[in-house]
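The values are calculated or read from the model by the stated rules, or taken from the named source; none is laboratory data. What you see is a predicted model, and the numbers here were worked out from it, not measured in a lab. With ideal geometry, Cβ positions are generated from the backbone for all residues, glycine too; neighbour counts draw on all protein chains shown. Just the protein is used for accessible areas: all its heavy atoms, side chains included, with ligands, DNA and RNA removed. Shrake-Rupley method; radii C 1.70, N 1.55, O 1.52, S 1.80 Å.
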Amino acid sequence: MSEDWSARQYLKFEDERTRPPRDLLAQVPLARPRRVVDLGCGPGNSTELLIERFPDAEVIGLDSSPDMLRQARERLPGRSFVQADIATWSPDGETDLLFANAVFQWVPDHPAVLRRLVSALPEGGVLAVQMPDNTQEPALRLMREVAASGPWAGNKALDAAARDDLPTPGGYYDLLKPLCRHLDVWHIHYNHVMPGPQAIVEWFKGSSLRSYTSALDPAMREAYLAAYGAKIAEAYPARYDGKVLLKFPRLFILAVR
Ligand SMILES: C[S@@+](CC[C@H](N)C(=O)[O-])C[C@H]1O[C@@H](n2cnc3c(N)ncnc32)[C@H](O)[C@@H]1O
């Protein structure tokens, strides 16, 4: 992403955001990897899981954002973190696991990058990936709709803010299986219990909304968020106790070279 991420905003929902990497890690069929790289490590929450699971491995966190790397280093002192762009980075021959939770959706032409990284793994090496597959969910559809209809309509950066739909599971299979001994592609639909509709806005302020809000000046940003929040309140009705459910489909890929 061009703009920096706010680690603090991202970690407001740490429990919910750390559940997909737990579910992904549970499927990794490695006992003693030599080196593990956490691609798009963010503030270190996924890196911490990798260290717990593989205490004897050299675990390295990689991210392009200085803010995220600073938080990760504070959280896990003495561990290695590197600033790099996944689009151009390559692993060395001792790297047995590439773990990428919630990052490849931001990498331009990510299917080609996935192919390149799988090709670089040693035999038996693993690439484990999780991406949000939520572009057709109300939360993301409403970001696009509000961008297209307010006083900010026509702003080119806003028009470019929407994320493309992911390829289908079959598309990933055809792309990666020729390079792999084993390939598994699956979805999990989480239903996160949120305190109310405004919490959904806060959740996405730590991720997808940033591409929209960073394109607006402060006054327009507030107006955009207010319009978005009103639509979210309509789309995510309160349950019996006032809480709302944020349905969140995510796509998982496990590739064994
Ligand atoms: C949504 S966070 C995921 C954090 C963590 N992996 C987790 O499981 O919660 C995505 C991270 O990917 C990083 N990122 C985005 N594009 C990147 C790229 N091209 N190269 C490296 N890191 C990137 C962002 O800076 C951000 O820290």
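Only one of these conditions is not met by Glu3: (1) open to solvent by 50 Å² or more (accessible area, probe 1.4 Å); (2) charged (D, E, K, R); (3) modelled with pLDDT under 95; (4) over 26 Å from Trp186 (Cβ atoms). Which number is it? Looking at each condition in turn, Glu3 falls short on (1). If you go through region 108-141 and keep only what is assigned to a loop (DSSP other than H, G, I, E, B), in contact (Cβ under 8 Å) with a residue 60 or more places away in the chain and more than 30 Å from Pro237 (Cβ to Cβ), you end up with Leu121, Pro122, Glu123, Gly124, Gly125. Checking each residue in region 45-68 for being more than 20 Å from Pro20 (Cβ to Cβ) and without any contact (Cβ under 8 Å) to a residue 24 or more places away in the chain picks out only Pro55. Looking across Val201, Val244, Val256, Val185, one residue alone is open to solvent by less than 60 Å² (accessible area, probe 1.4 Å), over 18 Å from Asn134 (Cβ atoms) and among the β-branched types (Val, Ile, Thr). It is Val256. The C-beta contact set for region 79-93 (first residue farther than 15 Å from Phe104 by Cβ, second residue within 13 Å of the ligand (Cβ to nearest atom) and assigned to a loop (DSSP other than H, G, I, E, B), distance under 7 angstrom, 6+ apart or interchain) comprises Phe81/Cys41; Gln83/Ser64.
Any residue at all in region 217-238 that's farther than 30 Å from Gly154 by Cα and in contact (Cβ under 8 Å) with a residue 24 or more places away in the chain? Yes, region 217-238 contains a residue that is farther than 30 Å from Gly154 by Cα and in contact (Cβ under 8 Å) with a residue 24 or more places away in the chain. Of the helices (runs of 4 or more DSSP H) lying entirely inside region 142-220, those carrying at least 1 residues that are more than 20 Å from Gln105 (Cα to Cα) are 156-159, 197-205.
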